[in-house]
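To keep things clear, I will list the structure first and then write my remarks on it.
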């Protein structure tokens, strides 16, 4: 199944970007994105939108405005999470990549409460840029922190380390939020999974200190502290967001993958020529059955220009993905695809 859920140039917006795909406790699929009204750029008149599907992605509702502000105000970086205990959907996002806000829905995503600002609780004063996600958060299923809501985020600090990743988390069903320790240097947009042993594994876009592959960091205390970044040679990636979901040690990963680069015989490492160390093309899904140690299976979802993506695991075993792709450039459509491994 493949459906163009958002088509750039229609319904009042020049471009739709930054997908987030979530399945609610009731089984509804929610497709979130940024509606970029006047252009393709990351800053300007940007609104936060959603569409709903109650039939597993066969059909989609009209787009709904969750939040926007008049004028050239950047609203974006959706990173929703479902609280399976209460059914509430929590939706952190950012204003001007500076303030952190959170909205929530208690009726399966049909309506949304006015957002509350939580910046003072989750952002350090020395950080000059901030992004929630983009993608999705998780709720922990194991151990002493079971029930914790965890939202992956990234930021820019002063010259001490530049780009860094972190999480924000709630132990009281979204009422209050706390800030974790930092993953640095060079870490950027990220997604998190809970493994079978209860540890958390973060998969990271490396904006600097990059080797042309994804970065990995692990937490063994529910997401508060994180290990040093290790580069995963099994996951080549241009500088781009990627998606990462899992059930126990069965993990699914999606990202654009440039054609296989040449090897550098002197260092033994790969290098990616061109801007961003690789093109945003060929949206590919990979499967690991051993907690990310090996990735023996892969599937090409889109041949050609493709960029950001968000995966969701469906109750019947299917996998779904909402991703940016097109024929001329990566930002023509947000495409929903459903498939089985």
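Read the figures in this text as sums done on the coordinates, not as results from a lab. Values in this document were obtained by computation on a predicted structure and should not be read as measured data. Heads up, the Cβs are rebuilt from the backbone with ideal geometry, glycines too, and the neighbour counts pull from every protein chain shown.
For the reader, a short list of remarks on this structure follows.
- Cα-Cα pairs of the stretch 129-251 separated by more than 22 Å (percent): 27 percent
- If the Kirkwood radius is taken over C-alpha pairs of the stretch 1-73, then at 20 °C and 1.002 mPa s the Stokes-Einstein diffusion coefficient equals 168 µm²/s.
- The ellipsoid equivalent to the alpha-carbon distribution of the stretch 37-189 has semi-axes of 25, 22, 13 angstrom, derived from the gyration tensor eigenvalues as √(5λ) and listed largest first.
- Gaussian network model of the chain, Cα within-10 Å springs - most flexible of 66, 136, 151: 66
- Ordered by the count of other Cβ atoms within 10 Å of each Cβ, fewest first, 303, 51 give 303, 51.
- Size descriptor, Kirkwood hydrodynamic radius, that averages inverse alpha-carbon separations across the stretch 79-316, Å: 18.2 Å
- Structure remark: mean-square fluctuation, Gaussian network model of the chain, C-alpha springs under 10 Å; the largest value among 71, 223, 39 belongs to 71.
- Using a Gaussian network model of the chain in which every pair of alpha carbons under 10 angstrom is joined by a spring, one finds that among 139, 178, 241 the greatest mean-square fluctuation is at 178.
- Paramagnetic label reach from residue 249 (point 7 Å along Cα→Cβ; backbone nitrogen cut-off under 13 Å): within the stretch 166-203, residues 195-199.
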